[in-house]
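Peer 1: Handing you a structure now.
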Amino acid sequence: MHSGPIHVKYTDTALPGIAATVNLYDSSLDGVELAHLGVQRISWSIKHSGALTVKAYHRNEADTAWIQIYDSGSLAAPALTSRHDLYIGDFRHVKVDVLNGAAAQTTFDPQVALHTERSDSD
């Protein structure tokens, strides 16, 4: 089992446009179930210049529809960094999307990590 956080690289280089949806992480694209990696939590921080909303979803292997499990609500601009930590130990697949607000981002720097340990609040 992996020790310490597994950092996930965000590869999209374009800044999110007006009302755009950007995927920060989608475990189903990797073809590996999170439980097999021992993943308990996902955390992310986003340095952003404009308003946005972060939503997380889960689904099982056989399911085609994603079920929403987290909604940050609108995170106002400017925010130096928005940080989140979410328990996902019961789910096979998870994805985290950013829904951009009414203005294009001029700064957008997301950091995503998977964690094999539970937090004290789980």
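Readers should treat all values here as calculations from the given coordinates under stated rules, not as data from a laboratory. What you see is a predicted model, and the numbers here were worked out from it, not measured in a lab. In this analysis, Cβ positions are derived from the backbone assuming ideal geometry, glycine residues included, and neighbour counts consider all displayed protein chains.
Peer 1: In whole Å, how far is the Cα centre of the stretch 6-43 from that of the stretch 73-111?
Peer 2: Their Cα centres are 11 Å away from one another.
Peer 1: Which of the aspartates and glutamates could a cross-linker bridge to Lys47, judged by Cα under 14 Å and excluding same-chain residues fewer than eight apart?
Peer 2: Within reach: Asp109.
Peer 1: Net charge around Ser82, counting only other residues with Cβ within less than 15 Å of its Cβ (Lys, Arg = +1; Asp, Glu = -1)?
Peer 2: On the way: positive: Lys47, Lys55, Arg83; negative: Asp71, Asp85, Asp97, Asp109.
Net charge around Ser82: -1.
Peer 1: Using a basic spin-label model with each label point 7 Å from the Cα along Cα→Cβ, how many nm lie between Lys47 and Tyr87?
Peer 2: Once both label points are built, they end up 3.2 nm from each other.
Peer 1: Within the stretch 17-52, name every residue whose backbone N is under 19 Å away from a label modeled 7 Å from Cα of Thr64 along the Cβ vector.
Peer 2: Counting only backbone N, you get 28-29.
Peer 1: Sticking with this one: Across the chain, how large is the tail of the calculated P(r) beyond 25 Å, expressed as a percent of all Cα pairs?
Peer 2: It works out to 23 percent of all Cα pairs.
Peer 1: Here is a follow-up. Mean separation of Cα pairs under 8 Å and 6+ residues apart, divided by the residue count of the chain: what relative contact order is that in percent?
Peer 2: 45 percent
Peer 1: Each residue of the stretch 81-94 in turn: what ³J(HN,Hα) in whole Hz from Karplus with 6.51, -1.76, 1.60 and θ = phi - 60°, glycine and Pro shown as x?
Peer 2: 7, 9, 10, 8, 9, 9, 6, 10, x, 8, 10, 6, 10, 9
Peer 1: Still on this structure, I have one more. Expressed in nm to one decimal, what extension gain is obtained for the pair Thr106 and Ile18 from 0.36 nm per residue of sequence separation less their Cα-Cα distance?
Peer 2: Here the answer is 30.6 nm.
Peer 1: Pick from His36, His84, His48: which is most flexible by mean-square fluctuation in a GNM of the chain where alpha carbon atoms under 10 Å apart are linked?
Peer 2: Highest fluctuation among the options: His36.
Peer 1: Separate question: Can you sort Lys95, Lys47, Lys9 from fewest to most other Cβ atoms within 10 Å of each residue's own Cβ?
Peer 2: Sorted ascending by nearby Cβ count, the order is Lys9, Lys47, Lys95.
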